[in-house]
Amino acid sequence: MSIPGYDPADLDRMLLSRLEEDDLGTVLDTDQLRRYEAGEDLVDVLSEEEIRDILGARSKS
């Protein structure tokens, strides 16, 4: 899922910097985790709302 105004590669790096590898299993459901482990980027696996929640929640912490 792309978010207008953001470069997908930059957005993926931002998501990865806010999530630790251990968090992925709690943030992603089984299908999302499978897709991520198969090589898809987080921006393709997550919905726009999930991306905004992760970036918003983590930037406020």
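What the table below lists for this structure:
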{"read-out": "Matching residues in the range 8-28 - criterion: being in a loop (DSSP other than H, G, I, E, B) and under 11 Å from ILE54 (Cβ atoms)", "value": "LEU19, LEU28"}
{"read-out": "Cross-chain or 6+ apart pairs with Cβ under 8 Å, the range 28-56 first and among the polar types (S, T, N, Q), then at pLDDT 90 or above", "value": "GLN32/VAL45; GLN32/LEU46"}
{"read-out": "Evaluation of ASP31 against (1) exposed (fewer than 10 other Cβ atoms within 10 Å of the Cβ); (2) modelled with pLDDT of 90 or more; (3) of a type outside the set (Val, Ile, Thr); (4) not in a helix (DSSP H, G or I) (one fails), failing number", "value": "(4)"}
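The values are calculated or read from the model by the stated rules, or taken from the named source; none is laboratory data. These figures come from a predicted structure and were not determined experimentally. Reconstructed Cβ throughout: ideal geometry from the backbone, glycine too, with neighbour counts over all protein chains shown.
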